[in-house]
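> One structure, as structure tokens, below. Some questions next.
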Amino acid sequence: METIRVESLSKSYPKSERPALSEVSFTARPGTVLGLLGPNGSGKTTTVRILATLLRPDGGQAWIDGHDVVAQPQQVRAAIGLTGQYAAVDDELTGLRNLELISRLLGASRPAARARATELIERFELEEAAGRMVKTYSGGMRRRLDVAASLVGRPRVLFLDEPTTGLDPRSRNEVWSLVRELVADGVTVLLTTQYLEEADQLANDLVMLDQGRVVASGTPTELKSKAGGLALQVRVVSTGDCARAAGHVAAVTGSQPAVDEDTGLIEVPVGDTGALRRLVGELEDAGIPFVELGLRQATLDEVFFALTGRSPKAAAAAETDADAAPIAAGAAERTSR
Ligand SMILES: Nc1ncnc2c1ncn2[C@@H]1O[C@H](COP(=O)(O)OP(=O)(O)O)[C@@H](O)[C@H]1O
Ligand SMILES: [Mg+2]
């Protein structure tokens, strides 16, 4: 049985133009990471909130470990842990005290709560900071404490909503290794992210969302070969040759390549490997020296572009503009998110 099963979830917020979710379906197998991938406003948090029993869907159904999230919220809550997009721990308490408190709230005795908090502090390598108030923590330490907080009740299913947004690369790597450890322990993780690279690194299966709809799902490799296919890359020795080389690439592949004038890198999507052979001949005949020439698999960014006609960055920016419009018009009546 799938640990997470989502069937045709739909949700519209009052007074919004388009649904936040339309007919979203996916499943997650036990002990795997499901990556819910999409730009700002694509419906990731709405999905997580419905699965965590914090929000009712308008249509569709979802089950966690076989329990219906609407009809059996108690059983669902007993199975899950949730780390939101924004830290949920108390700034004015120490890290250890935060974890103890959560454990007490979940019904543990005082000594049991202390033991569980200490265990998690060690597991998350926060010993040195355990006795300090959380407001003195770095972003990465806070995020680790936040994940620790969601694990106090030993959930079998963990929701991580953009756990690395705003983190520096080192802290991001720490969160990544944490997720890998949890999965090795058998926890099923639903991770939302705007970072295609993160999804690529961590997720066994991906669900790509855009404007509340699933635009693609599958393993990262499946997605990359579904759309876009291959990309041809060539780097010329002298950046002065860029324009000329790009002309040859266009002639050989029939598509206009992307050219980076600073690095001399020229890239273009290709349908087959024959272009590579033809290009070598062309560049040699034209006397254009190059240092790199090869094929690579399309990136998830390119897949998103191929499926939606927008780059993930442009999609996120468009959403931000849409959000800003009613505020500028003075008509904003916003509920908290
Ligand atoms: N409380 C709310 N009230 C009205 N609209 C909302 C609310 N929360 C989210 N939305 C809208 O629903 C859509 C999906 O939002 P969300 O699930 O937060 O996306 P994501 O987490 O992918 O950024 C967006 O268009 C957003 O503006
Ligand atoms: Mg969100």
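The values are calculated or read from the model by the stated rules, or taken from the named source; none is laboratory data. Please read all numbers here as calculations on a predicted model, not as lab measurements. Neighbour counts are summed over all protein chains in view; Cβ atoms, including those assigned to glycine, are modelled from backbone coordinates with ideal geometry. For the accessible areas, the whole protein counts, side chains as well, though only heavy atoms, and no ligand, DNA or RNA atoms are used. Shrake-Rupley method; radii C 1.70, N 1.55, O 1.52, S 1.80 Å.
> Counting only helical runs of four or more DSSP H residues, what would the 222 nm mean residue ellipticity of the chain come to if each run contributes -39,500 (n - 2.57) and the total is spread over all its residues?
-12000 deg cm²/dmol
> Now for a separate question. Just to be sure I understand: of the beta bridges DSSP finds with both ends in the chain, what percent are antiparallel, rounded to 5?
65
> Using +1 on the beta carbon of Lys and Arg, -1 on that of Asp and Glu, and nothing else charged, what's the dipole of the chain about the Cα centre, debye to 20?
Computed charge dipole of the chain: roughly 1240 debye.
> List the trypsin sites (Lys or Arg not before Pro) in the range 1-94 that DSSP assigns to loop (not H, G, I, E or B) and whose Cβ has at most 12 other Cβ atoms within 10 Å. Which are they?
Listed in order of number, the matching sites are LYS15.
> For the chain, what does the relative contact order come out to in percent, with C-alpha contacts under 8 Å and a separation of six or more?
19
> Using a Gaussian network for the chain with springs between C-alpha atoms less than 10 Å apart, which of these wobbles most: THR32, THR118, THR239?
Judging by the Gaussian network model, the answer is THR239.
> Let me ask something additional. Can you tell me the accessible area per residue over the range 132-190, all protein chains present, probe 1.4 angstrom, in square angstrom?
Here the per-residue accessible area is 38 Å².
> If you put +1 on each Lys and Arg Cβ and -1 on each Asp and Glu Cβ, how big is the dipole of the range 89-202 around its Cα centre, in Debye rounded to 20?
Using only the charged Cβ atoms, the result is roughly 500 debye.
> Would you mind working out the accessible area per residue for the range 1-113, using a 1.4 Å probe, and quoting it in Å²?
49
> Between ARG154 and ASP58, 0.36 nm times their residue separation minus their Cα-Cα distance comes to what?
Taking ARG154 through ASP58 to full extension adds about 31.5 nm, to one decimal.
> What does the charge add up to near GLU261, with Lys and Arg as +1, Asp and Glu as -1, over the other residues with Cβ less than 15 Å from its Cβ?
Residues close to GLU261 contribute a combined charge of -2.
> Let me ask something additional. Using a 1.4 angstrom probe and counting only protein chains, how large is the accessible area of LEU223 in Å², to 10?
Solvent-accessible area, nearest 10 Å²: 0 Å².
> Let me ask something else. By what distance, in whole Å, do the Cα atoms of the range 78-228 stretch along each of the three principal axes, largest value first?
Projected onto the principal axes, the Cα atoms of the range 78-228 cover 55, 31, 27 Å.
> What percent do you get for the relative contact order of the range 1-107 when only Cα pairs under 8 Å and 6+ apart count?
Once divided by the residue count of the range 1-107, the mean separation gives 25 percent.
> Over the chain, what per residue volume does the convex hull of the Cα atoms give, in whole Å³?
Output value, Cα hull per residue: 173 Å³.
> When the label point is put 7 Å from the Cα of ALA71 along its Cα-to-beta-carbon vector, which residues of the range 1-27 have a backbone N closer than 20 Å?
Once the point is set 7 Å along Cα→Cβ of ALA71, 1-11, 24-27 turn out to lie under 20 Å by backbone N, inside the range 1-27.
> Cut-off 17 Å, label point 7 angstrom out along Cα-to-Cβ of LYS313: give me the residues of the range 130-171 whose amide nitrogen falls inside.
Label zone hits: 166.
> Can you find, among ALA113, ALA78, ALA52, the residue sitting farthest towards the positive end of the charge dipole of the range 1-119, where Lys and Arg contribute +1 and Asp and Glu -1 at Cβ?
Farthest towards the positive pole: ALA113.
> Local charge sum around HIS67 (other residues, Cβ-Cβ under 13 Å, Lys/Arg +1, Asp/Glu -1)?
After counting each charged neighbour, the total is 0.
> Another question, then. Give a quick list of GluC sites (Glu not before Pro) in the range 232-291 that DSSP marks as loop, anything other than H, G, I, E or B, with at most 15 other Cβ atoms within 10 Å.
When the GluC sites (Glu not before Pro) of the range 232-291 are filtered for loop state and at most 15 Cβ neighbours within 10 Å, GLU261 remain.
> Carbon and sulfur: what percent of the chain's accessible surface (1.4 Å probe)?
Heavy-atom surface of the chain belonging to carbon and sulfur, 1.4 Å probe: 50 percent.
> May I ask you to rank MET208, MET1, MET133, MET141 by accessible area, largest first, using a 1.4 Å probe over the protein chains only?
The ordering from most to least exposed comes out as MET1, MET133, MET141, MET208.
> Taking the Cα-to-Cβ direction at GLU197 and at ALA250 and moving 7 Å from each Cα, how far apart do the two end points lie in nm?
3.0
> Specify the inter-centroid distance of the range 241-315 and the range 104-166, based on alpha-carbon positions, in whole Å.
Rounded to whole Å, the Cα centres lie 47 Å apart.
> Continuing with this model, one more query. Quick check: net charge around LEU279, other residues with Cβ under 15 Å of its Cβ, Lys/Arg +1 and Asp/Glu -1?
Local net charge: -2.
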